[in-house]
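Participant: This structure is in structure tokens; I'll ask about it shortly.
The values are calculated or read from the model by the stated rules, or taken from the named source; none is laboratory data. Quick caveat: nothing in here was measured; it's all calculated off a predicted structure. Quick reminder, even Gly has a Cβ in these numbers, built from the backbone with ideal geometry, and neighbours come from all protein chains shown. Each accessible area value is taken on the protein alone, full model and side chains, heavy atoms only, with ligands, DNA and RNA left out. Shrake-Rupley method; radii C 1.70, N 1.55, O 1.52, S 1.80 Å.
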Amino acid sequence: MLLCACALTSLPYPFLSATDLLYFFSRAVFDLKRGFLVSFMSNQKQQKPTLTGQRFKTRKRDEKERFDPSQFQESIVQGLNQSGTDLEAVGKFLDASGAKLDYRRYAETLFDILVAGGMLAPGGTLAEDMTPTEFCLFKAQEDMETMQAYAQVFNKLIRRYKYLEKGFEDEVKKLLLFLKGFTESECNKLAMLTGILLANGTISASILSSLFNENLVKEGVSAIFAIKLFKSWLSERDFNSVAASLRKVGMDNRLMELFPANKRSCEHFSKYFNDAGLQELSGFVKNQQSIGTRKELQKEIEDQMSRGDPLKDIIAYTREEIKKNNISEQTMIGLIWASVMSSVEWNKKEELVTEQAIKHLKQYSPLLKAFTSQGLSELTLLLKIQEYCYDNIHFMKAFQKIVVLLYKADVLSEEPILKWYKEAHLAKGKSVFLEQMKTFVEWLKNAEEESESEEDEEAD
């Protein structure tokens, strides 16, 4: 390196000194060595593994079956035509086809074909872009046995492909909106199938909301369809099961909407469905309407109490409602008791709540007295008091004092109290409440005997 530097000093660079040339030469050698090292290290790095093998391309035919609507439709129709009326073969075909056909994307197309034979246009008419199949629900025989077999096809398909559940429920809702576009026979088959599917739990009763469509209701289509549907449903399940399904989705209070606004009355509903042989359904709706009326009445009484309305006004209003809604006095005393007890915030301490209850009930005893003119009403009130004191543990020790208060206020009389004590009490808290009432009942019996004795002496 030194020799090279000496040689460089002999070159004609009048503007560079020997020291400068030596510096540049050293830097050049350093860069040369560094470049060699980087190149060497990069060659020593482990090569990244690369994937080898043959790539398989999806055949265009398979892609069309998955992603082309017309091809999907043709595949389903062809399979149904080959299976014919053998619904077991139809089930096997649908089960196997789910592996290569895109059911998730074309659920609506699939269900349209299974029900109507082809794609449905808005309004319920068949689309004319292809030849429909004759092997579908609408072309099947109109009897329960055949409809049950079709229901099995749908059940198995949806159990196999769970993601179809929502799509199928949406399909049924859509079909109900298209009822005016179907023939009478097609509507009957759809109603029978829907009833069976509701009974099996394949779909929920929320689908009934489609029947409340204004146009369907106005032309009476909804009510006619509902008769066939409920008959089918009740042929598979008892009415308690049907009622539970309706309550679960809030349909129990909406069935009156099957009729136009000017016909939404218990009388019209009862007559219509009684004539169709569905007395249980008409009785259920009548009861639901009654429950709704009682709830509204109870709320109104509570509102009047919270406003501090005079008791005479509350009594007058309540008597009007009894007449208007044909409510019995026994039912009304139960509502009034519930209203009175829910109109105040009770103390949580047992030793204080009794005193609070006595003061509160003393204020409203005239209201209770106005609707206990019958012995049965008094007994009903006693049972309501027992039930309330049992359900609200802070009132367990207050039962006897409440009864005595109401006896002194002429709300309760001897005979109903004695009847309650002897035989008419509830099982709830029986031993506790009977023990509380023992002394008072003995006093009542003695007072009654003394009264009878005095009457006998006066007679003599």
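Participant: For the range 127-158, give me each residue that is among the β-branched types (Val, Ile, Thr) and in a helix (DSSP H, G or I).
Facilitator: Thr146, Val153, Ile158, listed by residue number.
Participant: Of the residues that sit in the range 72-93 and are of a type in the set (Gly, Ala, Ser) and part of a helix (DSSP H, G or I), which one is farthest from Ile113 (Cα to Cα)?
Facilitator: Ala89
Participant: Given the conditions (1) without any contact (Cβ under 8 Å) to a residue 12 or more places away in the chain; (2) within 23 Å of the chain's Cα centre (by Cα), which single one is not true for Lys271?
Facilitator: For Lys271, the failing item is (2).
Participant: When you go through Asn325, Asn392 one by one, which is the residue that is of a type outside the set (Ser, Thr, Tyr) and within 30 Å of Ser241 (Cα to Cα)?
Facilitator: From the options Asn325, Asn392, the qualifying one is Asn325.
Participant: When you look at Ala96, is it at negative phi, open to solvent by 20 Å² or more (accessible area, probe 1.4 Å) and not in a loop (DSSP other than H, G, I, E, B), yes or no?
Facilitator: yes
Participant: Continuing with this model, one more query. Those residues that are in contact (Cβ under 8 Å) with a residue 24 or more places away in the chain and either in a helix (DSSP H, G or I) or open to solvent by 30 Å² or more (accessible area, probe 1.4 Å) (or both), I need them from the range 429-446; list them, please.
Facilitator: Val432, Phe433, Gln436, Met437, Phe440, Val441, Leu444, Lys445
Participant: Please indicate, with yes or no, whether at least one residue in the range 274-295 is buried (at least 19 other Cβ atoms within 10 Å of the Cβ) and either assigned by the TED database to the domain that holds Phe178 or touching an Asp or Glu at 6+ places or on another chain (Cβ under 7 Å) (or both).
Facilitator: yes
Participant: Something else now. When you look at Leu137, is it more than 22 Å from Leu246 (Cα to Cα) and modelled with pLDDT of 95 or more, yes or no?
Facilitator: When the stated conditions are applied, Leu137 passes them.
Participant: Being buried (at least 18 other Cβ atoms within 10 Å of the Cβ) and of a type in the set (D, E, K, R) is the filter here; which residues of the range 219-236 pass it?
Facilitator: Result: Lys228, single match.
Participant: Sticking with this structure for a sec: Within the range 188-195, is there a residue that is of a type in the set (S, T, N, Q), without any contact (Cβ under 8 Å) to a residue 12 or more places away in the chain and open to solvent by 20 Å² or more (accessible area, probe 1.4 Å)?
Facilitator: no
Conditions tested, residue by residue: (1) out of contact with any helix residue (DSSP H, G or I) (no Cβ under 7 Å at 6 or more places or on another chain); (2) among the charged types (D, E, K, R).
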| site | (1), (2) |
| --- | --- |
| Glu257 | no, yes |
| Ser270 | no, no |
| Ala276 | no, no |
| Ser282 | no, no |
| Gly292 | yes, no |
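Participant: Out of Ile327, Ile336, Ile315, report the one residue that is within 19 Å of Val411 (Cα to Cα), open to solvent by 20 Å² or more (accessible area, probe 1.4 Å), in the same structural domain as Pro416 (by the TED database) and under 39 Å from the mean Cα position of the chain (by Cα).
Facilitator: None of the other options fit; the residue is Ile315.
Participant: If you check Leu258 against the conditions, is it at pLDDT 95 or above, surrounded by 19 or more Cβ atoms within 10 Å (Cβ to Cβ) and on the phi < 0 side of the Ramachandran plot?
Facilitator: The answer is yes for Leu258.
Participant: Let me ask you something else. How many residues are crowded, with 19+ Cβ neighbours inside 10 Å and more than 20 Å from Gly375 (Cα to Cα) if we restrict to the range 389-428?
Facilitator: Qualifying residue count for the region: 3.
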